[in-house]
Amino acid sequence: MKKAAIYARVSTPDQRVENQLYQLRELAARHGFEVVHEYTDVGVSGSRARRGGLDALMADARRSKFSVVLVAAFDRIARSTRHFLQTLDELDGLGIEFVSAREAVDTTTALGRMFVTIIGCIAELERSLIVERIRQGMRRRKLEGFRLGRVPLDVDRQSLVRDRLSGLSLSETARKYRVSRASVARFVREAQGSSTPVEQFQPVSANVAAESMA
């Protein structure tokens, strides 16, 4: 007997999720599935990708706690086509079958598996188009003379490193040069590993070294 999970969602607190649960329990019984868990989201919009019930379902799916997911309709999973396809694609990748009562899609059947294959191709095409649009945008920006990537920090690195190694704290150095603590630590590491003459810097103390690693 296959283990099944039920997912039900209603958008407002005054709606009753039990109507979906009854329907899906009957559907599971007709298929001969054993319902091992019911996941619900009450008063949560389908436009939200992060939801307590859905997040818990996907986490348990990754732990292989069931092999079938039952929903009352596609829009219970998501109102966004992209989010729905991403969720279905992940379930399919985990080897988990998907059954929707309203749309009569059942990936335990040959027709249902064909449906998943088709929407998987659509999702892959959508990802490819997004990547291509990003690449085109980067090429256009480059041709227009804009710099791509992170803008380098305009800071006197030698003075920063000298101040840091002379005993100025990590936070004080960061405030003085208006950079992050992580940037200060990175500049010090790079200076110590570079070919910069050693006499330009004072030996780092144990406290400074420890703080640089923070």
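The values are calculated or read from the model by the stated rules, or taken from the named source; none is laboratory data. Being a predicted model, the structure only gives us computed values, none of them experimental. Note that we place each Cβ from the backbone using ideal geometry, even for glycine, and neighbour counts take in every protein chain shown.
Points to keep in mind about this one:
- Qualifying residue in the stretch 26-34 (condition: touching a residue at least 60 places away in the same chain (Cβ under 8 Å) and under 27 Å from the mean Cα position of the chain (by Cα)): no
- Members of the stretch 61-111 found to be modelled with pLDDT of 90 or more, under 25 Å from the mean Cα position of the chain (by Cα) and part of a loop (DSSP other than H, G, I, E, B), listed by number: ARG63, SER64, LYS65, PHE66, SER67, LEU94, GLY95, ILE96
Let's see how each residue does on (1) closer than 30 Å to GLY137 by Cα; (2) at pLDDT 75 or above; (3) of a type in the set (Gly, Ala, Ser); (4) in a helix (DSSP H, G or I):
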| site | (1), (2), (3), (4) |
| --- | --- |
| GLY149 | yes, no, yes, no |
| GLN158 | no, yes, no, yes |
| VAL161 | no, yes, no, yes |
| ARG175 | no, yes, no, yes |
| ALA182 | no, yes, yes, yes |
| ARG189 | no, yes, no, yes |
| SER194 | no, no, yes, no |
| VAL208 | no, no, no, yes |
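- Flag for SER47 being of a type in the set (Ser, Thr, Tyr) and under 24 Å from PRO13 (Cβ atoms): yes
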